[in-house]
């Protein structure tokens, strides 16, 4: 139980440190992989009661977190693209016959 408490405390400190220091520098995929890996490692350690369980859980969690982060990035890019196209259509309706300025 003592090892699990120490592991959980270290993971929590790691996640808080990343959140405060590198928020704008890490992509959504990277954040998802870090959070998923940490959560998977803690869950693997609790379930498997060994270091091997933590490693396997961390790897699976990191992969899942990366996939979820990637989907969130795609969804955000799609939303931005749709907003751009809507602004462009509105401008063209307001200014028929003129080229879109940007």
Within the stretch 1-52, considering residues that are buried (at least 16 other Cβ atoms within 10 Å of the Cβ) and more than 21 Å from residue 67 (Cα to Cα), the one modelled with the lowest pLDDT: 7
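Residue by residue, here is whether (1) under 30 Å from residue 5 (Cα atoms); (2) part of a helix (DSSP H, G or I) holds:
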| residue | (1), (2) |
| --- | --- |
| 37 | yes, yes |
| 42 | yes, yes |
| 52 | yes, yes |
| 55 | yes, yes |
| 78 | no, yes |
| 84 | no, yes |
| 87 | no, yes |
| 91 | no, yes |
| 101 | no, no |
Which condition breaks for residue 96 when tested against (1) more than 20 Å from the chain's Cα centre (by Cα); (2) exposed (fewer than 12 other Cβ atoms within 10 Å of the Cβ); (3) assigned to a helix (DSSP H, G or I)? (3)
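The values are calculated or read from the model by the stated rules, or taken from the named source; none is laboratory data. Please read these numbers as outputs of a predicted model, since none were measured by experiment. Here the Cβ is made from the backbone with ideal geometry for all residues, glycine too, and neighbour counts use every protein chain on show.
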